[in-house]
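The structure appears right after this line, and notes come after that.
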Amino acid sequence: MTAAVQSPMTTPQPARHPAPTARACALAHLVFERPDLQRAQRFLEDFGLQVASRSEDLLLMRGTGSSPYCYRVHRGPQARFVGLGLRVESRAELERLSRLPDAGPIRPSSHPGGGECVDLTDPSGFRVEVLAGQAAAAELPHRGPIHFNLPGEPRRVNATQRPAVQPPEVLRLGHVVIEVADYQATSAWYTQHLGLIPSDVQLLPDGSPAVCFFRLDLGDTPADHHTLAMAQGFAPLYSHSAFEVLDADAIGMGQRVLRERGWRHAWGIGRHILGSQIFDYWQDPWGDKHEHYCDGDLFTASRPTGYHPVSREAMAQWGPPMPASFTKPRLNPANIAALLRNLRRSPDLSLRKLITLARLFG
């Protein structure tokens, strides 16, 4: 269990660990199972990802950046989020991680970029694949930035703005957001074993954490405000994943294309408060949310953790209010069973806390 800091409230919060087992340096990929790879591919291509590899039972998608792939889809009987992949700098870190309880052995990666991998499972049951030695891929071309005419500063004269009507070019995978019942144990595991740093914590009225935004510890190199975000929930669930595009025009064009092609909109366009990203959220064929974003905050390791009250209004500076459907859980039999089970066993979950969360976001 990681050390905890005392927040301005009363409940210990997630905190950076003084000597983590390893330090993740990048979010490498996400892993899903889907019963229909063709439908998955159609949505992801309309969203702006590109096929890196495809077989009957496996689909790999990538952005235009140097990551060989960032989204892996296995054919499976049910649609589900399996977990995430993180990169570390050295094999020595893999060796230390391989000695953790329930860790798999170091194994060669069979996916694009190669390298070696250790399979872990976090305290909430999500698979975490930690890679070292993965080779970079050649970057793919994408359009350059659009030049804006600012008052008193003309940059575009005798020229027009005419971006192509096509899916926006996703540059890279930016972050993933999960919900967990065992909040303290899961957040502590990521700080202790993968060196993640809490950037900002949103607090419930009793001082307990509702959401924590974790960034990579890259020292003096700026890192995204968050690579992993974790929300207090009633069960381990996928919330959404986020993919960087070049600018707000790419986000707007993405909204046009996805709407015209019949996909379901979830929330946006707006600008977040914590992280500052301009955002737009869409649902894939199974209702899982995927975010286009641009212009996110970058923090070095020296930036201290911030603490903030949680509310629906705290989610965006401008744009449409966050709809209640955005955080509404799917109350299927499996989730109802998980809710009842975790209310009995999880030290971080209570009926009062769930009622508070429902009142804030319902």
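The values are calculated or read from the model by the stated rules, or taken from the named source; none is laboratory data. Just so it is clear, the model here is predicted, and its values are computed rather than measured. So basically every Cβ, Gly included, is an ideal-geometry build from the backbone, and we count neighbours across all protein chains shown.
Here are a few things to note about the model shown:
- Any chance residue 174 is part of a strand (DSSP E or B), in contact (Cβ under 8 Å) with a residue 24 or more places away in the chain and under 24 Å from residue 33 (Cβ atoms): yes
- Residue count, region 257-298 (criterion: closer than 22 Å to residue 178 by Cβ and of a type in the set (Val, Ile, Thr)): 1
- Region 146-184: number of residues that are within 18 Å of the chain's Cα centre (by Cα) and small (Gly, Ala, Ser): 2
- Qualifying residue in region 33-44 (condition: buried (at least 21 other Cβ atoms within 10 Å of the Cβ) and assigned to a loop (DSSP other than H, G, I, E, B)): no
One line per residue, one yes/no per condition, for (1) of a type in the set (A, V, I, L, M, F, W, C); (2) under 18 Å from residue 27 (Cβ atoms); (3) touching a Leu at 6+ places or on another chain (Cβ under 9 Å):
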{"site": "53", "(1), (2), (3)": "no, no, yes"}
{"site": "58", "(1), (2), (3)": "yes, no, yes"}
{"site": "70", "(1), (2), (3)": "yes, yes, yes"}
{"site": "79", "(1), (2), (3)": "yes, no, no"}
{"site": "97", "(1), (2), (3)": "yes, yes, yes"}
{"site": "130", "(1), (2), (3)": "yes, yes, yes"}
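- The number of residues in region 318-362 that are within 13 Å of residue 204 (Cα to Cα) and surrounded by fewer than 12 Cβ atoms within 10 Å (Cβ to Cβ) comes to 3.
- Any strands (runs of 3 or more DSSP E) falling wholly within region 253-317 and containing at least 2 residues that are surrounded by fewer than 18 Cβ atoms within 10 Å (Cβ to Cβ): 264-271, 306-309
- Of residues in region 96-136 being acidic (Asp, Glu) and over 20 Å from residue 176 (Cβ atoms), the one modelled with the lowest pLDDT: 102
- Filter result (in a loop (DSSP other than H, G, I, E, B) and β-branched (Val, Ile, Thr)) within region 123-166: 146, 157, 160, 165
- Qualifying residue in region 142-155 (condition: aromatic (Phe, Trp, Tyr), more than 21 Å from residue 32 (Cβ to Cβ) and either surrounded by fewer than 23 Cβ atoms within 10 Å (Cβ to Cβ) or without any contact (Cβ under 8 Å) to a residue 24 or more places away in the chain (or both)): yes
- Once region 185-243 is narrowed to residues that are within 18 Å of the chain's Cα centre (by Cα), among the small types (Gly, Ala, Ser) and part of a helix (DSSP H, G or I), the residue that is surrounded by the most Cβ atoms within 10 Å (Cβ to Cβ) is 187.
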